[in-house]
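First the structure, in the form of structure tokens, and then the observations on it.
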Amino acid sequence: MQRAKDYIIFSLDVSSVGDARHYIGLLSEHVGMFKVGLELFIRSGPEIIKMIKDMSPAGIFL
């Protein structure tokens, strides 16, 4: 059974890994998925994906 949080996608449209880490830590138990913004992915590469996986059970959308 899906919960309401499973329908929430939070967009990480930030420019720094530090900002992303803050939001992931704050919201990881309250959202179903994180969307990685283009600027963040270009700056951090696949490392941001690993960080989200390590910090959160939420899914990842590129």
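So between His30 and Lys53, what do we pick up on full extension, going 0.36 nm a residue minus the alpha carbon distance? Can you show the working numbers first?
On the way: separation 23, 0.36 × 23 = 8.28 nm, distance 1.50 nm.
So the chain would gain 6.8 nm between His30 and Lys53.
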>> Skipping prolines and chain starts, which residues have an amide H placed within reach, meaning under 5 Å, of the one on Lys35, given they are 5 or more residues away or on another chain?
In response: Phe10, Ser11, Leu12, Phe61
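At 4 °C and a viscosity of 1.567 mPa s, what translational diffusion coefficient does Stokes-Einstein give for the chain, taking Rh as the Kirkwood radius over Cα pairs? Give it in µm²/s as a whole number.
On the way: Rh = 11.4 Å.
Rounded to a whole number, D works out at 114 µm²/s.
Per the helix-only calculation at 222 nm, which mean residue ellipticity applies to the chain, given -39500 (n - 2.57) for every DSSP H run of n ≥ 4 and division by its residues, nearest 500 deg cm²/dmol?
Values: 3 runs with 27 residues, N = 62.
Computed ellipticity for the chain at 222 nm equals -12500 deg cm²/dmol.
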> Each residue of segment 16-29 in turn: what ³J(HN,Hα) in whole Hz from Karplus with 6.51, -1.76, 1.60 and θ = phi - 60°, glycine and Pro shown as x?
Replying inline: 10, 5, x, 5, 4, 4, 4, 5, 5, x, 6, 10, 4, 8
> With the contact rule set at Cα under 8 Å and sequence spacing of 6 or more, what percent relative contact order holds for the chain?
Replying inline: 39 percent
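Bear in mind these aren't lab numbers, they're just calculated from the coordinates by the rules spelled out. Since the structure is predicted, the reported quantities are computational estimates derived from the model, not experimental observations.
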